[in-house]
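Have a look at the structure below, then the notes.
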Amino acid sequence: MAVLARATKGRRTHLIVSTRRLLIGGVLCIAMLGVVSPAHAYDETSTGRPCAGCHGASVNDPAGPHGGYTATSKKCATCHSAHKAPAGGIVLLPAATVLATCQTCHDGTGGKGVYGTIYARTSQQPVARHTMLDTAADPITAIPGGDGVGGGTRTATFSGTAGGLTCSDCHSPHGSNLVDPFTGDRARSATDTAGLGSPSSFSSTRLLRQRPTSTDAGYASVTKYGSDWCAACHAGRLSWHELYNHPVEAATTYTGTGSAFTYESVARLTGVGASTTELGSLGRNNFGYVMPDPRTDQQSGHEPICQQCHEDARSVGDVTARTVDATEVFNITALDGSAAGDNPRYQVFPHESDNDAFLIETDNDLCLNCHKQPRG
Amino acid sequence: MGQDRDTAVETAGGAAEERAGSRGRGVFAVVLLLLLLLCAITTVIQTLTLDGEDEVVRGVIENLECLQCHTDLIPEFDREVVHKPFMAEQCTTCHTPHGKIETETTISGAVQSIKRIRTLVEWLPVKVILDLLSRDGAIAKDAGSPGRVAETPVKGAASELVLPATELCMMCHGDMGAMRNAAYPHTPFANGNCLDCHDPHASDFASMLTIAPESLCVTCHPMGRELSRAQAHAPVEGFHCTNCHDPHGSAYRGILVDNQRDLCFTCHPSVARLSGMAVQHGPYANDACTDCHEPHGSDYMPLLRAEEPRLCYGCHPEIETDFRKVSHHPVGTVTLDCTGCHDAHATNYAALLYDNDNGICYDCHARPIQTTYDTSRHKNTPCWGCHTPHGSNWGPLLKAAQPDVCFPCHERTSFDDAAGGHKNHPVRPVYYDVNAGSRLTCTTTCHGPHGTSHNFMLRHYDSPQDGNCLICHAVTPGDRVGVDF
């Protein structure tokens with residue numbers, strides 16, 4: 001009888017404990033659901049649920065909340081609150097500024113975003129930043145090399161706080177009027193659900209606007225990402241001006257046959273150690289960052305585009321052969337640029353870099369990717 | 001001789017002519033008497049053989065002494081109604097018998113004499129016969145008549161009434177004397193001018209009226225204009241004036257036979273039934289039907305003193321001001337009038353409305369509103385929570401401009417873009433609603449205040465579906481519209 005009584009008491013105690021846990025859990029769930037809060041950074045890799053699972057029409061919606069709107073999709077409310085927007089900033093966003101709003105998801109937490117990625121991984125500040133403060137106190141309005149005539153700095157009014165530069169000056173958060181998709185380096189867990197297994201998932205517009213300075217009149221739309229897109233702001237860096245710039249290939253200055261190089265179409269080496277080229281994307285390999293000597297027919301008459309010098313820092317180009325050896329090949333093994341030994345390492349161009357001026361390599365390594373040493 | 005013979009012949013001839021003349025006059029007299037006798041006989045026969053003529057005969061006979069001269073009054077006995085003193089040999093009840101002096105000519109004197117003789121010859125035999133036939137030898141007389149008591153020989157310089165005309169009738173009709181002190185006496189009655197309306201001897205009409213009742217009142221009170229209007233009150237149309245008015249006097253204005261409410265209720269019981277209702281119109285409650293209604297005739301149905309809504313504006317000028325505002329109920333411009341919503345007499349609901357709460361509005365707005373409203377989150381808010389019924393400077397009939405009209409219930413800081421630090425979508429009409437093509441408010445595109453089939457009373461899609469945003473922000477790019485403005 002005593003054994004039976006203990007067993008009964010044990011079941012009862014277990015039942016009470018289980019019930020209490022259920023109640024506590026229920027209360028917590030209700031509290032979490034009941035609290036109105038703005039969007040916060042979300043780690044889609046650790047949760048196994050990509051952002052699009054909630055913010056897109058389906059997990060296969062590559063646009064996530066940034067496009068693909070239909071009457072019955074539920075994306076707008078991801079960023080906008082028609083009433084009682086939490087921060088009371090602009091356009092009913094959850095944060096006070098566009099930059100802060102973007103960073104609620106793309107804040108580099110855990111080194112997987114854009115701004116803050118390098119510091120998150122290395123505890124070192126990046127050497128270069130495409131500075132964007134989006135503050136009233138110190139708005140970024142100066143464009144280095146923005147003067148298309150004199151090559152100097154020009155000022156512009158951007159769409160951020162106090163007319164300063166902000167994310168939406170380059171990106172369209174609504175996927176509106178974008179450049180053509182191009183193959184980039186980075187594999188995002190949001191889109192590459194197969195885990196680096198689908199080449200098509202690297203092709204994206206990056207939500208880049210056709211007119212990066214949309215509030216700045218006088219610049220034509222750019223549909224293909226490349227030098228022309230950069231020159232929408234940094235027009236003074238184009239080579240056709242009577243300045244001491246490195247030659248740059250851009251559709252606006254190209255006078256040769258065929259089409260000018262763009263990010264999606266450059267002459268790149270055909271493989272490791274190769275001295276022949278093919279036309280292809282600059283993204284997802286390192287073969288487009290070097291030029292064999294002598295130049296191939298595909299390279300003849302062409303200049304490098306901006307991104308052939310300015311991109312994520314990486315190791316490319318043999319200093320003597322101007323080819324890519326096995327140790328310099330493109331090598332990304334994890335989503336969101338999270339693997340320490342990958343080449344390139346951070347995949348956050350043009351937001352921040354551990355090389356000055358967003359150069360892919362530093363000092364002679366950069367120049368010798370295309371040029372011979374003067375004296376052997 | 002010859003001269004004598006001639007003289008004798010002349011004398012004989014003269015005598016013969018004289019005899020012939022005497023015979024002629026005798027024959028004439030006999031014939032005249034025979035004729036008169038024949039008249040008397042026919043009168044006696046007619047009197048004895050015809051039923052219902054006793055009173056007439058008695059009247060003539062009783063007053064034969066007066067009628068010898070006042071022969072013009074004899075036909076009066078033949079009328080429908082004969083004044084009792086006149087009928088009962090009681091002329092002196094009202095008149096002094098002597099002293100009448102008339103200036104006569106020879107001819108008029110002869111005519112008068114003939115009339116007297118004719119009257120005597122014609123009526124005297126009848127008098128004798130009737131006296132013989134009568135059990136007590138005389139026509140029964142109305143010994144109890146008050147006129148006999150008042151018969152006092154009064155001799156004066158001229159024939160006159162026994163009392164002043166303004167008091168004479170009261171001698172017998174003293175029971176009506178109190179009405180002279182009524183609050184609202186009829187002027188002829190008050191002045192003792194009874195003969196303005198009544199004939200003192202006889203009449204063909206009830207109450208001895210001088211003329212037909214349907215013609216009597218209008219002689220002083222012409223109703224032609226009233227009768228020519230679009231609608232005439234039925235009693236007026238039938239000249240039944242005394243249905244409503246007392247011809248002598250009344251305690252009620254207009255010499256009405258009763259107070260206005262009770263008087264009107266006698267013929268309008270449907271209105272009488274409203275008197276038990278909780279809310280009553282002032283004129284209706286205060287016995288002032290004629291504040292709104294014209295009792296005789298009107299061009300405005302139902303016998304209104306003016307057309308709606310002007311009639312109502314007379315007492316409610318502030319309502320007219322409301323109806324002149326930019327947004328107003330179409331009162332007076334289409335078929336809707338004040339009485340489309342209000343009962344002019346009484347109802348059980350505030351403001352004399354036909355129905356309570358939203359019911360009165362649903363009478364017209366049921367189809368587009370009621371179905372969704374009564375199942376919406378606003379269902380406990382009455383229509384007048386947001387709307388004013390008459391007119392407003394803010395359409396549609398709102399109590400305040402949008403979005404201010406929403407904020408008494410929906411706190412401003414949570415919904416007003418001009419408050420709370422830009423935390424809310426624009427809702428003020430300084431912006432343009434590209435979908436609605438009008439100034440932006442809460443309800444132009446986003447919300448349907450009368451209920452919708454979607455949550456949050458959204459007009460087009462459930463929240464958080466993007467259709468709510470795209471309906472404006474996916475239209476042709478422009479300033480602050482388009483998804484990437």
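Please treat every number below as a calculation from the coordinates, not as lab data. Every value quoted in this text rests on a predicted model; they were computed, and no experiment measured them. We place every Cβ from the backbone using ideal geometry, glycine too, and count neighbours over all the protein chains shown.
Brief remarks on what is shown
- Per-residue shielding of A:64-75, expressed as the average number of other chain Cβ atoms within 10 Å of the residue Cβ, stands at 4.
- Here the residues B:HIS198, A:HIS174, B:HIS268, ranked from fewest to most Cβ neighbours within 10 Å of their Cβ, fall in the order B:HIS268, B:HIS198, A:HIS174.
- Where Rh is the Kirkwood radius over Cα pairs, Rg/Rh for segment B:268-320: 0.99
- Report note on the peptides A:262-271, B:368-377: ranked by the mean count of other C-beta atoms within 10 Å, highest first, their order is A:262-271, B:368-377.
- Scoring B:389-398, A:176-185 by mean Cβ neighbours within 10 Å over their residues and listing the highest first yields A:176-185, B:389-398.
- What the Kirkwood sum gives for segment A:73-144 is a hydrodynamic radius of 13.9 Å, with every pair of different alpha carbons counted.
- Remark: segment A:229-306 projects, on average over all directions, an area of 5.4 nm² (convex hull of Cα atoms).
- Per-residue 3J(HN,Hα) values for segment A:265-273, derived from phi via the Karplus relation 6.51 cos²θ - 1.76 cosθ + 1.60 with θ = phi - 60°, read 8, 10, 7, 10, 4, 7, x, 5, x Hz in sequence order (x marks Gly and Pro).
- Percent of Cα pairs in segment B:241-306 per distance bin of 10 Å, from zero to the largest separation: 20, 51, 27, 2.
- Averaging 1/r over each pair of different alpha-carbon atoms in segment B:306-432 and inverting the result gives 16.6 Å, the Kirkwood hydrodynamic radius.
- Cα principal axis extents for segment A:275-376, largest first, Å: 37, 27, 24
- Note that segment B:390-454 carries a Kirkwood radius of 12.5 Å, evaluated over its alpha carbons pair by pair.
- Each residue in A:LYS75, B:LYS379 was given a count of other beta-carbon atoms within 10 angstrom of its own, and listing them fewest first yields B:LYS379, A:LYS75.
- Whole-number D in µm² s⁻¹ for segment B:218-371, Kirkwood Cα-pair radius fed into Stokes-Einstein, 4 °C, 1.567 mPa s: 74 µm²/s
- Residue exposure sequence - A:TYR244, A:TYR225, B:TYR313 - by fewest surrounding Cβ within 10 Å: A:TYR244, B:TYR313, A:TYR225
- A convex hull fitted to the Cα coordinates of segment B:164-241 yields 109 cubic angstrom per residue.
- Distance cut-off 18 Å, percentage of C-alpha pairs in segment B:210-257 lying past it: 30 percent
- Total formal charge among the other residues, if their Cβ is under 11 angstrom from that of A:ALA162, Lys/Arg +1 and Asp/Glu -1: -2
- Its convex hull of Cα atoms gives segment B:357-485 a direction-averaged projected area, equal to a quarter of the hull surface, of 8.4 nm².
- Amide H within-cut-off set for B:ASP433, under 5 Å, with H built and near neighbours excluded: B:SER438, B:ARG439, B:LEU440
- Take every pair of alpha-carbon atoms less than 8 Å apart whose residues are at least six positions apart; their mean separation over the length of segment B:418-476 yields a relative contact order of 20 percent.
- Packing around the peptides B:238-244, B:218-224, taken as the average count of other Cβ atoms within 10 Å per residue, puts them in this order, highest first: B:238-244, B:218-224.
- Exercise: per-residue mean of other protein chain Cβ atoms within 10 Å, B:455-468: 4
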